[in-house]
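Below is one structure, written out as structure tokens; comments come after it.
Read the figures in this text as sums done on the coordinates, not as results from a lab. Here the structure is a predicted model, which means the values were calculated and not measured. Cβ placement follows ideal geometry from the backbone for every residue including glycine, while neighbour counts extend to all protein chains displayed.
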Amino acid sequence: MSAPVWMKRLARPETRLVQDETGQWVVRAGKGQGRTLARLSLARFREARRQSWLHDCKTGGFDLSEEGQRAFERLAGQLPGKAKQPRTLIEETGEICPNAVTCASDPLSRWSGEGGWLSAGEHAAGTRLIEDWSRSSLNPRMTADWLRVPGGGRGGPEEASLSAIAAKDRVMRALEMAGPALSRLLTHVCFRQDPLGALEHSEGWPARSGKLALKLALQAVARSYGMPV
């Protein structure tokens, strides 16, 4: 089961679920004043209300509630057809080797592409940051005492340790560029893969504000890597 189209559209920033001129429920851009992005039957609207997925906006219409955001993240994380993408990781042996990792391990993939609210540049910057974190000694799964590993040369512990140090430097530079508040957001979402809705709740942020904060954070990451956004 994947996230329904109306939920994908309502997960975008500045969208609202409102009734159109005929009384049908529609998702519209521009806080409900823009073009129609999706339609919702009365039965589905009632079910969404019963599930507490909708938040009644004081300015009119509905957006996703914290529970709705968590439901969307759960459903979007189950989307089929995610192709495997090769990534280079540092194994505990100290060797640098390709390792096939599914896109399910990319916490940003659910918010990018068609219907997503992250731009291609923002997603690419976040993916680069996650890959560098995976290569670096900041990732506890990849941390190793290179001196205990015999051998050396190409692909050995010396090269691996240098690669890890360089990756760590890039991660720290990106987090510094983002600043304290946004770097904490990047750590929770990109590295720990915490749900964005749960983070908003724990930080006391308004619902959906995490989306804009994450976009700003990833734009800062892109600048640190010299990537377009």
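Structure notes:
- In this simple spin-label approximation, residue 165 and residue 36 carry label points 7 Å from Cα along the Cα→Cβ vector, and these lie 6.2 nm apart.
- Karplus-derived HN-Hα couplings along the stretch 106-116 (A = 6.51, B = -1.76, C = 1.60, θ = phi - 60°), whole Hz, x at Gly and Pro: 9, x, 8, 5, 5, 9, 10, x, 4, x, x
- Here is the list for the stretch 1-41: trypsin sites (Lys or Arg not before Pro) lying in DSSP coil, each with at most 14 other C-beta atoms within 10 angstrom of its C-beta, are 35.
- Derived scalar couplings ³J(HN,Hα) [the stretch 222-229; Karplus, 6.51 cos²θ - 1.76 cosθ + 1.60; whole Hz; x for Gly, Pro]: 4, 5, 5, 8, x, 9, x, 10
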